[in-house]
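S.K.: If you scroll down you'll find the structure; I have some questions about it.
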Amino acid sequence: MKKWKVLIIEDDANICELISLYIEKQGHIAILSTDGEDGLSKFYDEQPDIIILDIMLPKLDGWQVCKDIRRENSTIPIIMLTGMGESYDKIRGLDLGADDYIVKPFDPNELIARMKAVMRRVNPLFDENEMIEWPYLSIDMKQYQVLVNGKEITMPPKELDLLYFLATHPNQVFSRLQLLDQVWGFDFDGDPRTIDVHVKRLREKLGQPTIQWALKTIRGVGYKFEVTTGD
């Protein structure tokens, strides 16, 4: 699993410090902002993986920050924080495109659990299963390492992400567009045929050390990581 870049937009310094402490304890990166305008600027500059967004902020409130981010057609996960417990505020936040909502005071462990749940819903590559093994194949997302027959295979991030996604969904067929959405993201506007290029490179690097799994082309549809029960 890659480190998450977590943007925390919160004007309370104590809460900011507490959240960042728990996030860094999980091995991720915390980016701090104390007002809405600066938070929006850091969203553009830092390209975080997830945002923790307070509602009551100076300069630009959380509602407007959320609205501006969604106006950019960004699907980045947003968890809103507030001291208000009214259901209206929760509904408004979700209507604006927030993925989850948590009321202060909160247990930091609950926030971390909510973050993991949101990340799993939005992008399966952030699944907690960081290590996957098939015969003669080992993929370790924490170390960002692939071993074939015990030998490390060097590959760029997108190749590894694509392999990991397919290998964690054995025997499921995905179209090129589905793979682009899951691995490159919904905002990718490149050629879907980039999938073909990446699969070709993966096949060249992996070879075929076993008949128990293979990257298969499903003509007219897409690709799958095919797993058999044969010896």
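The values are calculated or read from the model by the stated rules, or taken from the named source; none is laboratory data. The structure presented is a predicted model; accordingly, all values stated were derived computationally and were not measured. Cβ sites come from the backbone with ideal geometry, for glycine too, and all protein chains shown count toward neighbours. When the accessible area is computed, the model is the full protein with side chains, heavy atoms only, and any ligands, DNA or RNA have been set aside. Shrake-Rupley method; radii C 1.70, N 1.55, O 1.52, S 1.80 Å.
S.K.: Sorting check: for 28-41, 107-120, which peptide has the highest mean count of neighbouring beta carbons within 10 Å, and how do the rest follow?
M.R.: In descending order of packing, they fall as 28-41, 107-120.
S.K.: Once a ≥ b ≥ c are taken as the square roots of the eigenvalues of the Cα gyration tensor of region 4-121, is the result rounded (a/c under 1.5), prolate (a/b larger than b/c) or oblate (a/b not larger than b/c)?
M.R.: rounded
S.K.: Which of rounded, prolate or oblate describes region 1-61 when judged by the alpha-carbon gyration tensor and an a/c cut-off of 1.5?
M.R.: oblate
S.K.: Indicate, rounded to the nearest 5 percent, the antiparallel portion of the DSSP beta bridges found entirely in the chain.
M.R.: Counting DSSP beta bridges with both partners in the chain, the antiparallel share is about 55 percent.
S.K.: Roll a 1.4 angstrom probe over the protein heavy atoms and tell me the percent of accessible area of the chain that is carbon or sulfur.
M.R.: C and S fraction of accessible area: 48 percent.
S.K.: Distance between Cα centroids, region 131-161 to region 1-74: provide it in whole Å.
M.R.: Between the Cα centres of region 131-161 and region 1-74 lies a distance of 32 Å.
S.K.: Given a 1.4 Å probe, how much area per residue of the chain is accessible, in Å²?
M.R.: 52 Å²
S.K.: Give the ranking of K67, K224, K59 by solvent-accessible surface, highest area first, calculated with a 1.4 Å probe.
M.R.: Solvent-accessible surface, decreasing: K59, K67, K224.
S.K.: For E204 and E46, what is the calculated FRET efficiency with R₀ set at 41 Å and r taken between the beta-carbons, to the nearest 0.05?
M.R.: 0.75
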